[in-house]
1. Considering every Cα-Cα pair within region 200-240, what fraction, in whole percent, is farther apart than 14 Å?
2. Identify all aspartates and glutamates with a Cα-Cα distance to Lys98 below 12 Å; exclude those on the same chain that are fewer than 8 residues away in sequence.
3. Tell me the label only: which of [x] 12.8; [y] 14.8; [z] 15.7 is mean projected area of the Cα convex hull in nm² as calculated from this structure?
4. Set Lys and Arg Cβ to +1 and Asp and Glu Cβ to -1, take the dipole of the chain about its Cα centre, and tell me which of Met52, Ala63, Val129 lies farthest positive.
5. Given H placed on each backbone N at 1.01 Å, which residues far from Tyr19 in sequence or on other chains put an amide H within less than 5 Å of it?
6. How much of the pair distance distribution for region 155-219 lies past 15 Å, counting alpha-carbon pairs only, in percent?
7. Can you give the convex hull volume per residue for the Cα atoms of region 83-144, as a whole number of Å³?
8. Let me know the charge dipole size of region 126-238 about its Cα centre in debye, to the nearest 20, where only the beta-carbon of Lys, Arg (+1) and Asp, Glu (-1) is charged.
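The values are calculated or read from the model by the stated rules, or taken from the named source; none is laboratory data. Since the structure is predicted, the reported quantities are computational estimates derived from the model, not experimental observations. For neighbour counting, all protein chains shown are included, and Cβ atoms are generated from backbone atoms with ideal geometry for every residue, glycine included. What goes into the accessible areas is simple: the full protein's heavy atoms, side chains included, and nothing from ligands, DNA or RNA. Shrake-Rupley method; radii C 1.70, N 1.55, O 1.52, S 1.80 Å.
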Amino acid sequence: MRVAVKVLGSSREPHMRVYREQMLAMLLHPCSIEMGRRRSELTRFDYGAGEMMLPRRHVETWARVDGLEYLSVGISDAALRAACDGMASEVELNSAPKLEDARVDALVAAVNAERIAGFPSGRLFLDSVEQALAAILVERYAVRRPSAATYRGGLAPARLRRVTELVHAKIEEELTLREMAQCAGLSTSHFLEMFRKSTGESPHQFVLRQRVERAKEMLREADMRVLDVAVACGFKTQQHFARVFRRMCGGSPTEYRYEVQR
């Protein structure tokens with residue numbers, strides 16, 4: 001997933017754009033855009049901050065803007081194909097000048113909050129959000145809708161054990177959704193479905209919980225600084241570690257250490 005803030009200045013004359021990669025745009029400030037397939041036939045759309053648009057790639061689109069700033073969230077071909085369980089070589093989405101979907105709003109807002117915080121949650125968080133977005137967009141906007149895949153049960157115990165061992169082995173490192181799916185021998189979309197059925201958690205939630213459990217073990221050792229524990233458990237900053245730890249354990253790492261050592 002590519003995430004970037006982009007700014008376009010005002011334009012009196014319509015200009016033509018062709019998007020080569022699939023992306024979502026969340027407007028960061030109120031603005032107006034006139035756009036259409038033909039230069040002479042433009043429709044005006046008024047946007048509030050936080051509203052979304054989904055352009056169709058590979059299609060010429062003419063637009064006139066009065067200046068805008070937006071968050072561009074790129075959805076990779078791999079994520080779109082995985083949302084079809086690998087049944088399509090390329091997935092094309094219809095455009096939505098005003099995309100209204102509470103699920104998409106929440107996911108993109110989470111990505112924006114992650115960007116503002118400096119991406120402390122790492123690659124796995126973005127991978128998981130990208131796959132969730134791809135699944136929603138394919139379901140609602142795919143030009144040719146794939147037949148729905150049906151999955152039964154969850155991961156086989158041996159596959160779940162391999163994934164858990166991978167998480168423990170790479171507890172200090174960046175871990176991607178693709179690595180976890182490959183470890184299980186499944187496509188990313190199939191893996192996500194099966195993993196949630198087996199654990200009741202998303203891969204990102206599971207990894208965070210494993211990191212916090214490892215941190216609790218290390219915090220019982222009096223000679224380790226909280227910062228060292230955070231780094232050793234794969235957290236990019238001590239602040240992010242403290243925030244996640246408090247959410248899962250009800251108190252700060254320092255408070256936890258005091259309780260177990262007194």
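1. Result: 45 percent of Cα pairs exceed 14 Å.
2. In chain and number order, the partners are Asp46, Glu51.
3. It is the value labelled [z].
4. Farthest towards the positive pole: Val129.
5. For Tyr19, the qualifying residues are His58, Val59.
6. On the way: 975 of 2080 pairs.
In whole percent, the share of Cα-Cα pairs in region 155-219 beyond 15 Å is 47.
7. Values: hull volume 5.9 nm³, N = 62.
With only Cα atoms used, region 83-144 gives 95 Å³ per residue.
8. Numbers: 18 positive and 15 negative charges, 112 e Å.
That gives region 126-238 a dipole magnitude of about 540 debye.
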